[in-house]
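Structure first, then comments.
The values are calculated or read from the model by the stated rules, or taken from the named source; none is laboratory data. Because the structure is predicted, anything quoted here is derived from the model rather than measured. Heads up, the Cβs are rebuilt from the backbone with ideal geometry, glycines too, and the neighbour counts pull from every protein chain shown. Note: areas computed on protein heavy atoms with side chains; ligands, DNA, RNA excluded. Shrake-Rupley method; radii C 1.70, N 1.55, O 1.52, S 1.80 Å.
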Amino acid sequence: MFDGISRVYDPMNLVISAFQEPRWRRRAVALAGLGPGGRAIDVATGTGKVAADLHRRAQPGGEVLGVDISPGMISVAERRFDGRPG
């Protein structure tokens, strides 16, 4: 199912959540408590937005791995973050 909606997932999620998704994501990342040099795994990363936010908090020196069973979602994440370190 997620492969079929991967290209429209982020805007659809924003609308379905009544534009609350960015607030929810910021809160989730803050609650993770990740700091510089930290490591995290984002399971069911989808398009990688949470993993990217976690990665920013883990710098310098931290690592974040985003994993997902949907090749379509991973493809969106790869295109979005192509060329970015980490």
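Here are the numbers for this structure:
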| item | result |
| --- | --- |
| Members of the stretch 53-80 that are under 16 Å from GLY4 (Cβ atoms) and either part of a helix (DSSP H, G or I) or touching a strand residue (DSSP E or B) at 6+ places or on another chain (Cβ under 9 Å) (or both) | ASP68, PRO71, GLY72, MET73, ILE74, SER75, VAL76 |
| When residues of the stretch 1-25 are limited to those that are closer than 30 Å to GLY61 by Cβ and surrounded by 12 or more Cβ atoms within 10 Å (Cβ to Cβ), the one modelled with the lowest pLDDT | ASP10 |
| Pairs with Cβ under 8 Å, 6+ apart, first in the stretch 15-27 and on the phi < 0 side of the Ramachandran plot, second among the basic types (Lys, Arg) and in a helix (DSSP H, G or I) | ARG25/LYS49 |
| Positions within the stretch 1-25 being more than 17 Å from THR45 (Cβ to Cβ) and of a type in the set (Gly, Ala, Ser), in sequence order | GLY4, SER17, ALA18 |
| Filtered residue count, the stretch 41-86, keeping only those that are open to solvent by 50 Å² or more (accessible area, probe 1.4 Å) and in contact with a Phe, Trp or Tyr (Cβ under 7 Å, 6 or more places away or on another chain) | 0 |
| Residue match in the stretch 7-14 (condition: on the phi < 0 side of the Ramachandran plot, in a loop (DSSP other than H, G, I, E, B), among the aromatic types (Phe, Trp, Tyr) and out of contact with any Leu (no Cβ under 9 Å at 6 or more places or on another chain)) | no |
